[in-house]
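Taking it in order: structure first as structure tokens, then the write-up.
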Amino acid sequence: MPEADALEFTPTWIVAGVCSLIVLISLAAERCLHYIGKTLKRKNQKALFEALLKVKEELMLLGFISLLLTVSQGVIQKTCIPPSWTNYMLPCKKMDAHTVTAEVIALGGRRLLSESGPRSEHCQNKGKVPLLSPEALHQLHIFIFVLAITHVIFSAVTMFLGGEKIRQWKRWEDEIEKNAGNGSKKLTHVQQFEFIRERFNGVGKESMILSWMHSFAKQFYASVTKSDYTTMRLGFIMTHCRGNPKFDFHRYMVRALEADFKKVVGIRWYLWIFVVIFMLLNVNGLHTYFWISFIPLILLLAVGTKLEHVIAQLAHEVAEKHSAIEGDLVVNPSDEHFWCARPRVILYLIHFILFQNAFEIALFFWMLTTYGFNSCIMDHVPLIVPRLVIGVVIQLLCSYSTLPLYAIVTQMGTFFKKEIFDEHVQQGLVGWAQKAKRRTESTKDGAGGGTHGPSSGLEMLRRAAAAIQGSRAPPR
């Protein structure tokens, strides 16, 4: 007797109708992304356009994962394992036959699909069970898709809300540029500067502990004040572009943040490893998903505290070295203030925090829609509510405090980012560096290596060009 659900016994109008609907939805989504890309290019938002390309790459990866799961379904179904192997590391306790029958009836017989079919009989005839049922494979398929889409959406929301917070600082930039050249050159006691009064907590071990406690609390209110912005802006300009006191620091900071966004929106290989580990540890009784919900929260608080403490360290350095200052207060940016002397570590942590939070939220809604609120895999209600509250807190705190802090504080490193140059200047520097490199190599060959050392200005340009080329190199 032919199978009722086989494609060869399905009316052609149904097949054609379903295919048409899927194709139309796919084309509409593709056209929507294409229109967004054209809009970003028209508004000269190159960094956001590259982030959109990264989203397209993730969607292509999802399509490949979907294809791989579909193609390998037959192989997975024919891979048989002993029934005793399925009794270990279960998310839910196995139910007896009467309970299973009642649940199948309650769910409209949906679970019967996983037990029927020739592939299931292939393992049953051997006294074994399939490695993964068709229903479980289908649910895993949906979860991977939901996780990736949730991560992209959450990253975009964080970037939008954080960007709105950063745009509020534009009025400070305008005020500074308007009052440029009106600064007083009088001698001022260091404690009279608002930046020092807000950030410096004295000298000694007790003061250091107090400074860390103050940094922890500061991320929850007025994480960046006008005096913070003004001082760090001046420190950046005096270190990297002393000859241009009217440098638009706000515009540079926004461009650098947009460039970092394209890295945050992607899902790197190590993030998929974390997903696999968390799914492996989701064993009944361990409440794994409840405990791992604290990981991004703890990391976020640690990152926010560290960023605030970097500002405090800048104030501490000035207050220790000077009792009075003539003119404006200038801080000294340095990589030594950051973990591992690498400001980029903060970006990697924010990337993981956003992904882990998206994982928690995506997992909750996937379980809710797939199994229902009362399913054992959802865990107990007292454990569900804190997970949701933590997810909301992480999203809001990261958007309105941590991301704006990251945008300005990571500019206090030793080096500037390539976004300090306009796009045409970046291209010109790359071309100049390549020509200079070829010319230097030919000179060395002709003169036997007897060349003079470059001036400091040329060396700085070469380093900038090397940084731009390095940022454009494909990731490993």
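The values are calculated or read from the model by the stated rules, or taken from the named source; none is laboratory data. Please read these numbers as outputs of a predicted model, since none were measured by experiment. A quick note on method: Cβ atoms are made from the backbone with ideal geometry, for glycine too, and the neighbour counts reach across all protein chains shown. Ligands, DNA and RNA are stripped out before the accessible areas are found, and what is left, the full protein with its side chains, is counted by its heavy atoms. Shrake-Rupley method; radii C 1.70, N 1.55, O 1.52, S 1.80 Å.
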Assess whether residue 23 counts as being hydrophobic (A, V, I, L, M, F, W, C) and surrounded by 10 or more Cβ atoms within 10 Å (Cβ to Cβ). yes
Filter the range 256-269 down to the residues that are open to solvent by 60 Å² or more (accessible area, probe 1.4 Å) and in a helix (DSSP H, G or I), then identify the one that is farthest from residue 144 (Cα to Cα). 263
Residue 406 versus (1) within 20 Å of the chain's Cα centre (by Cα); (2) farther than 30 Å from residue 338 by Cβ: which is the lone unmet condition? (2)
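Would you mind finding the one in 140, 147, 161, 132 that is touching a helix residue (DSSP H, G or I) at 6+ places or on another chain (Cβ under 8 Å) and within 20 Å of residue 256 (Cβ to Cβ)? Quick ask: steps written out before the conclusion?
Numbers: 140 fails: within 20 Å of residue 256 (Cβ to Cβ); 147 fails: within 20 Å of residue 256 (Cβ to Cβ); 132 fails: within 20 Å of residue 256 (Cβ to Cβ).
Among 140, 147, 161, 132, only 161 is touching a helix residue (DSSP H, G or I) at 6+ places or on another chain (Cβ under 8 Å) and within 20 Å of residue 256 (Cβ to Cβ).
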Applying the selection to the range 244-255, what residues are under 12 Å from residue 419 (Cα atoms) and open to solvent by less than 30 Å² (accessible area, probe 1.4 Å)? 249, 250, 252, 253
Might you check whether a residue that is modelled with pLDDT under 90, assigned to a helix (DSSP H, G or I) and of a type in the set (Asp, Glu) occurs anywhere in the range 336-352? no
Under 16 Å from residue 262 (Cα atoms) and under 26 Å from the mean Cα position of the chain (by Cα) - does that describe any residue in the range 19-32? no
Out of curiosity, is residue 276 open to solvent by less than 50 Å² (accessible area, probe 1.4 Å) and under 30 Å from residue 152 (Cβ atoms)? no
Looking at (1) in a helix (DSSP H, G or I); (2) open to solvent by 20 Å² or more (accessible area, probe 1.4 Å); (3) touching a Pro at 6+ places or on another chain (Cβ under 9 Å), which is the one condition that is false for residue 235? (2)
Select from the range 133-192 the residues that are loosely packed, with under 13 Cβ neighbours inside 10 Å and basic (Lys, Arg) and write down the one among them that is nearest to residue 83 (Cα to Cα). 167
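Looking at the range 368-385, is at least one residue on the phi > 0 side of the Ramachandran plot and in a helix (DSSP H, G or I)? Let's see the steps before the verdict.
In the first step, residues of the range 368-385 are kept if they are on the phi > 0 side of the Ramachandran plot; the result is 372, 379.
This time we only want the ones that are in a helix (DSSP H, G or I), so: none.
No, the range 368-385 contains no residue that is on the phi > 0 side of the Ramachandran plot and in a helix (DSSP H, G or I).
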Among the numbered criteria (1) open to solvent by 10 Å² or more (accessible area, probe 1.4 Å); (2) under 18 Å from the mean Cα position of the chain (by Cα), which one does residue 416 miss? (2)
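Quick one: would you say residue 293 is open to solvent by less than 10 Å² (accessible area, probe 1.4 Å) and not hydrophobic (A, V, I, L, M, F, W, C)? If you could, list the steps in order and put the result at the bottom.
Working: open to solvent by less than 10 Å² (accessible area, probe 1.4 Å): yes; not hydrophobic (A, V, I, L, M, F, W, C): yes.
So residue 293 passes the test.
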